[in-house]
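S.K.: Here's a structure for you.
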Amino acid sequence: MAFMPAERTIVNVIAVLALLDGVLLWSKDVGVDVVGYAGMVGCGLGAMALGQFYRHIRPNQSIAATATAAGLFILFTIVGSIFNYLLLPLSREPTDIALARFDAFFGFHWPSFVEWASHYPRIGVLLQVVYATSLPQLLIVIFVLGFSGRLRLLHHFLLTGVIGALLAIICWSFFPSFGASSIYHLPQAVTDAVPLAVGPDYGAELVELGRHGSTYLSPKNVLGVIGFPSFHTVMAAMSAVFMIRIRWLGPIFLVVNVLMMPAIIIQGGHNLADLMGGLAVFAIAYRLAALALHQREHGPAERESASPAIKALP
């Protein structure tokens, strides 16, 4: 298989995470839904095989890069989420109380904000819809950048996501948290008025998971365990920043992801501090990805080993 420099970097990251996943699964004796994950892995590998087909058999670099990017995105999501889960149970106490105190310093109180939103049910429903677009937005960005021939921007996007996810996992491993929904109780009238994607019940499940870990992993019941920094915020910033260059679609993505900020707090059950941490992680990941992309593109070893077809790319 031939990969472009940024793609090769992500392949290496996926391989390392897959190896770590295997070691941790064996050492912790955690069961795995083999059939469920096999289907997802098959989709990722199938997309990458399609990319290789259009890179070598019927050359079309836009389709090749798009399909490869989609496959890498799927595979990284799988190995990254499994690795994150295998860091449980926690060896440290969650930091959510400290994060709530940080919010209070700025006059923010999560239950009061959610209760205010409960007086406007239509806004709550809108934010629920917006919150559900996080992952689909990333796939749309991949397809738009790939099929429009913006391949360097596509690779910058992918590297930003990989670095951002790794930074979020590392930060969370040292300062674990599950979000505001894990420490606050909401009145039944509030949760009835605003159905929450991540409510107190979800938060309680995360706390229990943090205490005991998981004995069986399946893609059917994976929860988002990271509170701080909010990776939903990283994803929203990625979608907005990388799509803002695209005429017509750019303003739409900007508006949706501005709305994503209150959606992350209300629907995602996050502290305000989580959101701020997510924006900081995105900024760092964006810069590191740009530096890594430049280094990989201009390193002498890459220039010597790149195939003529890849060298010809814009």
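S.K.: Looking at (1) in a loop (DSSP other than H, G, I, E, B); (2) at pLDDT below 90, which is the one condition that is false for G203?
M.R.: Exception for G203: condition (1).
S.K.: Give the residue that is farthest from G22 (Cα to Cα), with candidates limited to residues of the stretch 83-111 that are of a type in the set (A, V, I, L, M) and assigned to a helix (DSSP H, G or I).
M.R.: In this case the residue turns out to be A104.
S.K.: Going residue by residue through the stretch 64-84, is there one that turns out to be of a type in the set (F, W, Y), at pLDDT 90 or above and farther than 30 Å from D274 by Cα?
M.R.: Checked against the condition, which is being of a type in the set (F, W, Y), at pLDDT 90 or above and farther than 30 Å from D274 by Cα, the stretch 64-84 yields no hits at all.
S.K.: Quick check on my filter: what residues within the stretch 241-260 are surrounded by fewer than 21 Cβ atoms within 10 Å (Cβ to Cβ) and part of a helix (DSSP H, G or I)?
M.R.: Those that are surrounded by fewer than 21 Cβ atoms within 10 Å (Cβ to Cβ) and part of a helix (DSSP H, G or I): V241, L249, G250, P251, I252, L254, V255, V256, V258, L259.
S.K.: Might you let me know whether the stretch 176-183 holds any residue that is hydrophobic (A, V, I, L, M, F, W, C), crowded, with 21+ Cβ neighbours inside 10 Å and closer than 27 Å to A70 by Cα?
M.R.: Within the stretch 176-183, none of the residues are hydrophobic (A, V, I, L, M, F, W, C), crowded, with 21+ Cβ neighbours inside 10 Å and closer than 27 Å to A70 by Cα.
S.K.: Can you find, within the stretch 191-218, the residue that is nearest to the chain's Cα centre (by Cα) among those that are surrounded by 20 or more Cβ atoms within 10 Å (Cβ to Cβ) and of a type in the set (V, I, T)?
M.R.: V198
S.K.: Assigned to a helix (DSSP H, G or I), within 17 Å of the chain's Cα centre (by Cα), at pLDDT 95 or above and farther than 16 Å from Y286 by Cα: is that true of I163 in this structure?
M.R.: In short, no.
S.K.: Looking only at the stretch 1-24, count every residue that is over 20 Å from Y37 (Cα atoms), part of a helix (DSSP H, G or I) and among the aliphatic types (A, V, I, L, M) and tell me the total.
M.R.: Result for the stretch 1-24: 1.
The values are calculated or read from the model by the stated rules, or taken from the named source; none is laboratory data. Nothing here was measured: the structure is a model prediction, and the numbers come from that model. Don't worry about glycine lacking a Cβ; one is built from the backbone with ideal geometry, like all the others, and counts go over all protein chains shown.
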